[in-house]
Amino acid sequence: KGEAFINSIDYAKLSSLKDWREGQEQFVQNHFALSPQGIKVDGFKATNFEKDSLPLEQVFTFSLPASVSGEYQYFSLNLFSGLDKNEFLSEERKSDVFFGVNQLYTINGLFTIPEGFSFEELPKNTRMIMPDTSIVFSRLMQVADNKLQFRISLEYNRPIFTIDEYAEFREFYRKMYQMLNEQIVIKKVRP
C-alpha cells in the first residue's frame, strides 16, 4: 500500500491534460492502473488544470500485492513512471527516433517493509551515459532499518536520435529497462 504524488510539467502536462479531458476514469486507467497487474488506484485527485505556470499535480493511494516465490517477496520500483515498456526492441529502424523535446524524469520514493522482513541484496547503484552524453540514466538506493529510499533519474539532452545511432540507442535502452525493472527482494526474518 502506498501514496503516489506525480508532477507533470511543460509538455508532459499538455499531454496529460489532453488525456484528462477525455475522462478522469479513463485517464487513471490509462496512466496508472494498467501495469503492473493487480494494482488498485484509489482517491485520485489532480490540481492545477487551468494554471499554465504550475505543474499538473496528481495524488492517489494505491495497493499492489507483492509477488511471492517461496519465502521471498519482491516488487519493482518502476511503478508510475510511464517507462514500463521498452518500445525499441526491433533490431532495425526505418526512421529517426523523435521525442519532440528534451526530457527529464525524476522518480523519488520511499518503501517501508513490514516488521519481521529484511531486504536481500539490493540492485547496485548505477549511472549509465550515452557516449555523447545525450541520455543519462542513474539509480541510487539506500536502506536504513526497514526503509528503502531511492531516486531514479532519466535525462534526454536532445530530442532526436538518427537511424545511424539506433544500434547504440537500442542497446542503451535494453540495459536501462533491465535496470528499471530489477526486483527488490525481501525475506521473512527467522527468529
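The values are calculated or read from the model by the stated rules, or taken from the named source; none is laboratory data. Quantities reported herein were computed from a predicted structural model and do not represent experimental measurements. Because the Cβ atoms are built from the backbone with ideal geometry, glycine has one as well, and the counts that use them run over all protein chains shown. Just the protein is used for accessible areas: all its heavy atoms, side chains included, with ligands, DNA and RNA removed. Shrake-Rupley method; radii C 1.70, N 1.55, O 1.52, S 1.80 Å.
Here's the yes/no breakdown for (1) in contact with a strand residue (DSSP E or B) (Cβ under 7 Å, 6 or more places away or on another chain); (2) modelled with pLDDT of 90 or more; (3) crowded, with 16+ Cβ neighbours inside 10 Å:
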{"position": "Asn7", "(1), (2), (3)": "yes, yes, no"}
{"position": "Ala12", "(1), (2), (3)": "no, no, yes"}
{"position": "Leu17", "(1), (2), (3)": "yes, no, yes"}
{"position": "Val28", "(1), (2), (3)": "yes, no, yes"}
{"position": "Ser35", "(1), (2), (3)": "no, no, no"}
{"position": "Lys40", "(1), (2), (3)": "yes, no, no"}
{"position": "Lys51", "(1), (2), (3)": "no, no, no"}
{"position": "Tyr74", "(1), (2), (3)": "yes, yes, no"}
{"position": "Thr106", "(1), (2), (3)": "yes, yes, no"}
Test result for Lys85, part of a loop (DSSP other than H, G, I, E, B), open to solvent by 30 Å² or more (accessible area, probe 1.4 Å) and at pLDDT 90 or above
no
Going by what's in this entry, would Gln73 be described as out of contact with any Gly (no Cβ under 9 Å at 6 or more places or on another chain), touching a residue at least 60 places away in the same chain (Cβ under 8 Å) and farther than 22 Å from Arg170 by Cα?
yes
Applying the selection to region 161-191, what residues are at pLDDT 95 or above, aliphatic (A, V, I, L, M) and open to solvent by 70 Å² or more (accessible area, probe 1.4 Å)?
Ile163, Ala167
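Taking region 98-113 as the search range and keeping residues that are aliphatic (A, V, I, L, M) and outside any loop (DSSP other than H, G, I, E, B), which one is nearest to the chain's Cα centre (by Cα)? It would help to see each step written out before you state the result.
Of region 98-113, the ones aliphatic (A, V, I, L, M) are 101, 104, 107, 110, 113.
The next check asks that each one be outside any loop (DSSP other than H, G, I, E, B); those that pass are 104, 107, 110.
On the way: Leu104: 12, Ile107: 7, Leu110: 14 Å.
Per the criteria, the residue is Ile107.
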Among what's in region 42-82 and is among the aliphatic types (A, V, I, L, M) and part of a strand (DSSP E or B), pick the residue that is nearest to Glu120 (Cα to Cα).
Val68
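Within region 137-157, how many residues are farther than 17 Å from Asn78 by Cβ and open to solvent by less than 80 Å² (accessible area, probe 1.4 Å)? Full working, then the answer.
First pass over region 137-157, keeping only residues farther than 17 Å from Asn78 by Cβ: 142-147, 156-157.
Right, trim to open to solvent by less than 80 Å² (accessible area, probe 1.4 Å) and you get 143-144, 146, 156-157.
So the count comes out to 5.
Tell me which residues, restricted to region 115-136, are farther than 21 Å from Ile160 by Cα and open to solvent by 70 Å² or more (accessible area, probe 1.4 Å). I'd like the intermediate steps shown before the answer.
Of all residues in region 115-136, those farther than 21 Å from Ile160 by Cα come to 115-127.
Passing the criteria: Glu115, Glu121, Lys124, Asn125, Arg127.
Every residue in region 117-176 that is among the β-branched types (Val, Ile, Thr) and at positive phi, please.
Going residue by residue through region 117-176, those that are among the β-branched types (Val, Ile, Thr) are 126, 129, 133, 135-136, 143, 152, 160, 162-163.
Thr133, the sole residue that qualifies.
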